[in-house]
1. With axes computed from alpha carbons, what is the tilt in degrees of helix 117-132 against the longest principal axis of the chain, rounded to the nearest 10 within 0 to 90?
2. In whole angstrom, how far apart do the alpha carbon centroids of the stretch 1-58 and the stretch 115-193 sit?
3. Where is the GNM fluctuation largest for the chain (alpha-carbon springs, 10 angstrom cutoff): Arg78, Arg131, Arg16?
4. Roll a 1.4 Å probe over the protein chains and send me the accessible area per residue for the chain in Å².
5. Sort 221-227, 94-100 by the packing proxy (mean of other Cβ within 10 Å over each peptide's residues), most packed first.
6. Above 21 angstrom, tally the Cα pairs of the stretch 8-250 and express them as a % of all pairs, no decimals.
7. Mind pulling the angle between the C-alpha long axis of helix 17-28 and the longest principal axis of the chain? Nearest 10 degrees, somewhere in 0 to 90.
8. Sorting check: for 188-197, 23-32, which peptide has the highest mean count of neighbouring beta carbons within 10 Å, and how do the rest follow?
Amino acid sequence: MNRLQHRVALVTGAARGIGAAIAEAFAREGAQVLVSDLDEATGRATAERLGAAWLKLDVRDELAWIGAMARLLDTHGRLDVLVNNAGISGLEAGAAHDPEHAALADWRAVMATNLDGVFLGCKHGLRAMRRTTRSGAIVNIASRSGVVGIPAAAAYAASKAAVRNHTKTVALYCAEQRLPIRCNAILPAAILTPMWEPMLGSGPEREANLATFVADTPLRRFGRPEEVAQVAVLLTSDECPYMTGSELHVDGGLLAGSAAVPDTYPASAAPSA
């Protein structure tokens with residue numbers, strides 16, 4: 001407990017899902033947390049539940065970032081931790097997102113939130129941290145989808161791949177500038193959040209869909225938002241001050257390879273001692 005005591009932390013897209021879990025974990029570890037989102041009703045409720053501050057923020061809008069940083073510094077005097085979590089899959093409205101049929105407007109909408117939002121967050125977060133902190137930490141939420149191709153979600157996969165690269169660029173820039181600010185990325189895979197709901201459904205097919213989506217995951221289950229949140233706590237604490245430009249996978253072993261094991265292991269195939 002208190003691993004983030006005396007730190008001021010801003011989490012974007014924190015009304016629900018992974019963002020809310022990160023905000024909760026930060027608050028539990030002693031940070032002064034600002035919950036930000038476009039969903040004001042849910043965001044305010046989450047902030048109230050956590051005893052955190054509420055800050056409405058459209059991560060796509062640079063003027064909104066400038067205003068948010070000004071309010072944050074005016075109220076709290078500093079920014080120590082920034083988690084760029086806000087993101088959309090593009091699948092929420094049911095539009096096609098494969099490489100052949102995706103509309104340019106739908107592609108750009110995903111990029112505006114997932115990539116522009118991270119760029120603007122890093123830009124204005126760095127400027128605030130440069131002025132106010134002796135040790136800052138930025139965490140960008142990328143995805144396993146930024147490592148492999150996703151035929152049905154081309155824009156989402158491309159945006160998360162770009163977030164991975166920008167994380168490294170920010171980390172190197174801070175080192176070059178001798179800024180005491182680290183920047184790392186978390187790459188979740190199948191984490192059971194509201195983003196998955198359009199694909200899972202709510203009828204009798206839901207359980208079958210749940211099983212199908214994790215059939216290739218070695219741990220054979222969806223991850224939980226709080227499991228991602230604990231990695232965010234680690235990356236923003238004093239426990240890994242030599243880690244920057246790194247990626248941590250929270251994917252149930254998905255990118256490690258195949259864990260397919262037959263139900264019965266033939267004795268003749270058993271390895272010798």
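The values are calculated or read from the model by the stated rules, or taken from the named source; none is laboratory data. Keep in mind it's a predicted model, so treat the numbers as computed, not measured. Because the Cβ atoms are built from the backbone with ideal geometry, glycine has one as well, and the counts that use them run over all protein chains shown. Areas reflect the complete protein model, heavy atoms only, side chains present, ligands, DNA and RNA absent. Shrake-Rupley method; radii C 1.70, N 1.55, O 1.52, S 1.80 Å.
1. The helix 117-132 is inclined about 40 degrees to the chain.
2. Result: 18 Å between the Cα centres.
3. Of Arg78, Arg131, Arg16, the most mobile in the Gaussian network model is Arg131.
4. Counting only protein heavy atoms, the per-residue value for the chain is 49 Å².
5. Descending mean neighbour count gives 221-227, 94-100.
6. Of the Cα pairs, 55 percent sit more than 21 Å apart.
7. Value to nearest ten degrees: 60.
8. With the highest mean Cβ count within 10 Å placed first, the list reads 23-32, 188-197.
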